[in-house]
Amino acid sequence: MEAVPARARGYVAAVALLALFCLLPLPALRTPWWALGLLSALCAASEHVVRRRFGGTFYPVLLAGAFLLPPPAAALVPVPAALLSPVEHRPALLRRVWRAAQPALAVWGAARVHWALGGRDAVVGCDFPYALLPAGAAVLVFCLILTLLDGGLRAVAQGVPLRRAWRGLLSRSLAPVAVHGLAGLMMAVLWRSPYGPVAALLVLLPMCVSWWIFAQYHRERAAHQATIRALVQAVDIKDGYTRGHSERVGQASVMIARELGMDDDRVETLRFAGILHDVGKLGVPTRLLRKDGPLTPEERRIIELHPEYGHEMVRGISFLGEARAAILHHHERLDGSGYPYGLAGDRIPECARVVAVADAFDAMTSTRSYCRARPVEVAVAELQRCAGTHFDPRMVTALARALERHGWHPAVTADETAREAPDPQPVPGPRTGAPR
């Protein structure tokens, strides 16, 4: 509990009180308690199976409750699942309260809208396609409430600005929840039909199959991410002078991407690009990476092949998307003097221009064998000096703004007594290039 900020605990408490307020009319209503109990038990069982085997949240039963029950009763459907499900992280009580209160409010809001638009009569009378209108409005309200509450928690718990806290939440959740809403509507219609609740349960079978397919995709993605971590660790072992450099470049790339207003998917892609930008060093002989003294022209040409090696290594990882282009082109320069292809200006992919700035910034703000870490202000000034020739001015400005807001904490990545040869393509004046 101590690790959770006081404002976050207060926020969760306020949401819980609001959920309790929504339940106050319940004693005065004619509630079908048997249906409420059956839906609650079904919700708890499905949540247990989905969370344990697939991960994520299963909404069809919740939305079926919104279509079948009065709003205060519908708000009770997710409570047993939240109270009985295991909690992996502390504080357990606070997390259980949040898991109960957030969906309770969302289901209550969806049920209110559904009933206000005559959805109950449409479900009882199997009035299609009219039944789709109140159901669609209820799903939209359900998503909006979940988004507002999630974004609010991010804002108070992590100090994220409100606009950024809500960015992308609704767009990512609306389509999956709409599918769950359609399944919930089918459950509600069959529940009210002569076949009863048993027929409604049959709707969950295709949903479970689709959820299994979705879970398989996420397992494959997790396997790719494990592969990425292994590649980065291999690079760190081979080129020990720059240990931790890849992760910090990924962090700086994320800062730039968020400052530019990129959506969360692109931000994640750029994080991968930053982490993997030097993976091609696995194809460079270790003796060159650790050579004492200057490189020969031939050795320089070999090292300059590492972006192409890296691009080939990650070619088969489909979800990386444009990160592959960043790996290939992160040593290109705006004036065309970079490598491997000498691209200039807008011909350099945007993601590569982001990683180039992040890479150079971390190289300057980390202590290495050939120089000590520079202050952030000095590094930013050097990037600004080279903006327009070596670096994209827009990326440099975005990084400078992000640093003003969040700061930077450079780390030592090599022993001060170690020695490393100069960068294969140094920037004139103070050093801004990434280490080889």
Can you compute 3J(HN,Hα) from phi for each residue in the range 182-189, using the Karplus curve 6.51 cos²θ - 1.76 cosθ + 1.60 with θ = phi - 60°, rounded to whole Hz and x for Gly and Pro?
5, 5, x, 5, 4, 4, 5, 5
Among Ala352, Met364, Ser337, whose Cα lies farthest out toward the positive end of the dipole of the range 322-382, if unit charges sit on the beta carbon of Lys, Arg (+1) and Asp, Glu (-1)?
Met364
Which order do you get for Val97, Val139 if you rank them by accessible area with a 1.4 Å probe, largest at the top?
Val97, Val139
Sort 300-311, 326-337, 160-171 by packing, meaning the average of other beta carbons within 10 Å per residue, with the highest value first.
326-337, 300-311, 160-171
Expressed as a percent, the accessible surface of the chain that is carbon or sulfur, using a 1.4 Å probe and the full set of protein chains, is 62 percent
Hey, can you rank 353-363, 127-137 by average C-beta count inside 10 Å, highest first?
353-363, 127-137
Given charges at Cβ of Lys, Arg, Asp, Glu: the range 115-238 dipole, positive-most of Ala188, Gly119, His224:
His224
With the 8 Å Cα cutoff and a minimum separation of six or more residues, the range 40-110 has a relative contact order in percent of 38 percent
Taking the structure as given and computing Cα Rg over 2.2 N^0.38 Å, which label from (i) 0.95; (ii) 1.23; (iii) 1.98 fits?
(ii)
Per residue, how many Å² of accessible area does the range 212-361 show with a 1.4 Å probe?
42 Å²
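Need one word for the range 1-100: rounded, prolate or oblate. Basis is the Cα gyration tensor (sqrt eigenvalues a ≥ b ≥ c); a/c below 1.5 gives rounded, then a/b vs b/c decides.
Oblate, because a/c is 1.5 or more while a/b does not exceed b/c.
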Over the range 1-157, relative contact order from alpha-carbon pairs under 8 Å, at least 6 apart, %:
27 percent
3J(HN,Hα) from dihedral phi, the range 14-19, Karplus parametrisation 6.51/-1.76/1.60, rounded to Hz, x for glycine, proline:
5, 5, 5, 5, 5, 5
Please give the solvent-accessible surface of Thr286 in Å², to the nearest 10, using a probe radius of 1.4 Å with every protein chain present.
60 Å²
Tell me the relative contact order for the chain as a rounded percent, counting alpha carbon contacts under 8 Å between residues six or more apart.
12 percent
With +1 on each Lys and Arg Cβ and -1 on each Asp and Glu Cβ, and nothing else charged, work out how big the dipole of the range 3-91 is about its Cα centre, in Debye to the nearest 20.
180 debye
Scoring only Lys, Arg, Asp and Glu (+1, +1, -1, -1) among other residues with Cβ under 10 Å from the Cβ of Pro349 yields -1
Could you tell me the calculated FRET efficiency between Arg163 and Ala234, based on Cβ-Cβ distance and R0 = 60 angstrom, to the nearest 0.05?
0.95
Student exercise, the range 52-196 dipole from Lys, Arg, Asp, Glu Cβ charges, in Debye to nearest 20:
620 debye
Sort 376-384, 178-186 by the packing proxy (mean of other Cβ within 10 Å over each peptide's residues), most packed first.
178-186, 376-384
Hz values of 3J(HN,Hα) by residue in the range 375-391 - Karplus curve (6.51, -1.76, 1.60), Gly and Pro given as x
x, 4, 4, 5, 5, 5, 4, 5, 4, 5, 5, 8, 5, x, 10, 9, 10
With charges set only on the Cβ (+1 for Lys and Arg, -1 for Asp and Glu), what does the dipole of the chain come to about its Cα centre, in debye to the nearest 20?
980 debye
Enumerate by residue number the trypsin sites (Lys or Arg not before Pro) in the range 1-51 meeting two conditions: DSSP loop (anything except H, G, I, E, B), and at most 10 other Cβ atoms within 10 Å of the site's Cβ.
Arg30
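The values are calculated or read from the model by the stated rules, or taken from the named source; none is laboratory data. Because the structure is predicted, anything quoted here is derived from the model rather than measured. Backbone-built Cβ (ideal geometry, glycine too); neighbour counts: all protein chains shown. Quick note on the areas: whole protein, heavy atoms, side chains included, nothing else; ligands and nucleic acids left out. Shrake-Rupley method; radii C 1.70, N 1.55, O 1.52, S 1.80 Å.
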